[in-house]
1. At a 1.4 Å probe radius, carbon and sulfur cover how many percent of the accessible area of the chain?
2. For the chain, modelled as a Gaussian network with Cα springs under 10 Å, which listed residue fluctuates most, Arg185, Arg138, Arg15?
3. Compactness ratio of the stretch 1-144: Cα Rg over 2.2 N^0.38 Å, N = residue count?
4. From largest accessible area down, sort Tyr306, Tyr28; use a 1.4 Å probe on the protein chains.
5. Cut-off 10 angstrom, C-alpha nodes, Gaussian network model of the chain. Which of Val144, Val220, Val31 fluctuates the most?
6. Can you give the FRET efficiency to the nearest 0.05 for Ala326 and Gln193, using r as the Cβ-Cβ distance and R₀ = 25 Å?
7. Under a point spin-label approximation (7 Å from Cα along Cα-to-Cβ), what is the Ala235-Arg274 distance to one decimal in nm?
8. Of the listed peptides 255-268, 102-115, what is their order by residue-averaged count of other C-beta atoms within 10 Å, with the highest listed first?
Amino acid sequence: MSFSGLLNAIWYEGRPIPPLLLPLERLYRMVVERKRRAFLAGRTLSYRAKVPVIVVGNLTVGGTGKTPVILWLANHCSRRGLRVGVVSRGYGAKPPSLPWLVRPDQSAKEVGDEPLLIAQRARVPVVIDPDRARAVRRLEQEGVDLILSDDGLQHYRLARDLELVLVDAARGFGNRHCLPAGPLREPLQRLEQVDAVLCNGRTSDSAEGFGLTLAPAGLVSLADDSDSSLERFPAGQPVHAVAGIGNPERFFGTLEALDWRPIRHPFADHEAYRPEQLRFDDGLPVVMTEKDAVKCRSFAESDWWYLKVDAVPSAGFVAWFDEQLARLTGQPSWRL
């Protein structure tokens with residue numbers, strides 16, 4: 001079993017926690033709780049942006065559907081006449097300098113897969129920098145009205161006006177332990193302090209949070225960016241399913257729900273693909289996530305596709321979020 005597989009078994013499948021990890025967890029909790037107390041007491045030097053900042057983050061390690069939610073928020077705010085910008089850490093990126101304003105024609109190797117995806121699809125300014133406060137200062141130069149922080153819930157050097165937390169409804173919080181004994185970045189009590197929780201995989205609101213689903217919206221060719229409907233493949237069609245995301249099983253389950261037969265190829269999150277990894281030489285189509293596609297276009301073959309998905313938040317969340325926009329931007333609610 002790989003190291004990541006072992007951690008997954010401990011965190012999510014009920015495998016006993018090795019005793020060595022428990023004192024490390026206590027040390028980790030002590031550090032993160034001290035950081036949080038310093039921020040709340042005003043002892044952390046935090047940058048307060050000139051415009052509202054909304055942080056979209058996770059309490060757990062791994063994928064929860066954060067990028068589709070960032071795209072939904074960006075589009076929703078743009079439709080209401082707000083100029084939106086996004087800041088991101090830019091995991092694995094190697095830009096010429098920092099902070100860096102992402103161009104849609106750059107490579108994922110240079111600016112990171114998720115920032116590039118957001119820049120290409122949302123068509124809003126995206127700035128990458130591990131120092132999100134510095135990224136926000138750069139983004140303010142673009143004349144934005146509102147800033148979305150892609151992750152950064154624990155990045156207390158950046159003051160925020162709204163905190164949204166994504167939760168994978170299927171995996172939940174695992175064994176409810178903090179790193180490294182469990183998947184939590186902060187203790188569960190942190191949820192009591194955020195503004196809203198979105199449960200990815202729930203269609204309705206509950207005491208645990210607002211409902212959110214990811215809806216397949218079509219197939220897009222990596223070779224020429226042409227669109228195709230979900231009916232392109234008949235029921236029972238075997239496809240090579242490629243997923244280098246935090247939770248590949250969610251993607252594979254989506255393909256199964258479309259009545260296709262995915263041949264699973266899970267990769268590490270943010271995998272830097274080589275062409276030989278994805279050439280299966282059996283004539284079957286390849287279907288991957290949009291996040292993977294931004295790294296594979298340069299060597300894609302004619303029958304390679306990505307599944308376009310759209311975040312669909314509950315009506316309750318949309319109404320609540322519009323109220324927050326009115327409060328943060330000073331626009332009367334009737335204009336939203």
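1. On the way: 7960 of 15360 Å².
Of all accessible area on the chain, carbon and sulfur atoms account for 52 percent.
2. Arg15
3. Values: Rg = 18.3 Å, N = 144, 2.2 N^0.38 = 14.5 Å.
Ratio of Rg to 2.2 N^0.38 Å for the stretch 1-144: 1.26.
4. From most exposed to least exposed: Tyr28, Tyr306.
5. The residue that fluctuates most here is Val31.
6. Details: r = 23 Å, r/R0 = 0.90.
It comes to 0.65.
7. 4.1 nm
8. On the way: 255-268: 15.8, 102-115: 20.3.
Per-residue mean Cβ counts within 10 Å order the peptides as 102-115, 255-268.
The values are calculated or read from the model by the stated rules, or taken from the named source; none is laboratory data. Remember, predicted model here, so these are calculated numbers, not experimental data. Ideal geometry is used to build each Cβ from the backbone, glycine not excepted, and the neighbour counts take in all protein chains shown. Side chains included, ligands, DNA and RNA excluded: accessible areas come from the protein's heavy atoms. Shrake-Rupley method; radii C 1.70, N 1.55, O 1.52, S 1.80 Å.
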